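Some notes on the structure that comes next.
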Amino acid sequence: MRKLTRSECPVATTVDVIRGKWKPLILFALREGPQRFGALLRAIDGATQKVLTEQLRQLEREEIVERRVDDRAPLLKVEYSLSGHGQSLRPILNAMCDWGLDHRSRSRRRLRAVAASR
């Protein structure tokens with residue numbers, strides 16, 4: 001096999017777009033549908049307003065997330081959702097979710113087996 005560079009690896013490209021402490025949680029929350037900023041902030045334990053804003057802006061620049069502003073109401077309403085392009089991540093997010101649940105279960109079984117053998 002020839003040597004693969006990071007710039008040639010499509011998996012690295014995907015990881016680069018969704019990498020970040022909060023981006024996977026943002027995407028996981030948005031796969032269920034549009035969310036207001038405050039709802040995202042409450043849903044993502046530990047994220048600060050500043051960091052959540054930064055990560056959302058990065059996802060907007062990558063055209064993964066759309067920001068919609070409704071200024072018709074007395075209070076400004078800002079809502080985030082997966083863009084059309086971001087929707088194409090849904091099968092990947094679902095597969096990652098399934099893999100994560102399976103891995104977590106395997107790890108727990110392994111730890112129980114180790115504890116039982118002592």
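The values are calculated or read from the model by the stated rules, or taken from the named source; none is laboratory data. As the structure is a computational prediction, the values presented were derived from the model and not from experiment. Counting neighbours? That spans all protein chains shown, and the Cβs are built from the backbone with ideal geometry, glycine included.
A few remarks follow.
- Among the residues examined, Leu4 does not qualify as in contact with a Phe, Trp or Tyr (Cβ under 8 Å, 6 or more places away or on another chain) and among the aliphatic types (A, V, I, L, M).
- Restricting the search to helices (runs of 4 or more DSSP H) fully inside the range 12-118 and requiring at least 1 residues that are modelled with pLDDT of 95 or more and touching a Leu at 6+ places or on another chain (Cβ under 8 Å) gives 23-30, 37-43, 49-61, 84-87.
- Condition met for Val78 (farther than 23 Å from Thr13 by Cβ, of a type outside the set (D, E, K, R), without any contact (Cβ under 8 Å) to a residue 60 or more places away in the chain and surrounded by 12 or more Cβ atoms within 10 Å (Cβ to Cβ)): yes
- Residue ID - nearest to Arg31 (Cα to Cα), chosen from residues in the range 62-75 that are surrounded by 10 or more Cβ atoms within 10 Å (Cβ to Cβ) and not hydrophobic (A, V, I, L, M, F, W, C): Glu66
- Scan of the range 94-118 for residues that are among the aliphatic types (A, V, I, L, M) and farther than 21 Å from Ala29 by Cα, ordered by number: Leu111, Ala113, Val114, Ala115, Ala116
- Scanning the range 25-61 for residues that are in contact (Cβ under 8 Å) with a residue 60 or more places away in the chain and of a type outside the set (Phe, Trp, Tyr), we see that the one that is surrounded by the fewest Cβ atoms within 10 Å (Cβ to Cβ) is Arg31.
- Scanning the range 81-118 for residues that are in contact with a strand residue (DSSP E or B) (Cβ under 6 Å, 6 or more places away or on another chain) and free of Cβ contacts under 8 Å to residues at least 40 places away in the same chain yields a single hit, Ser83.
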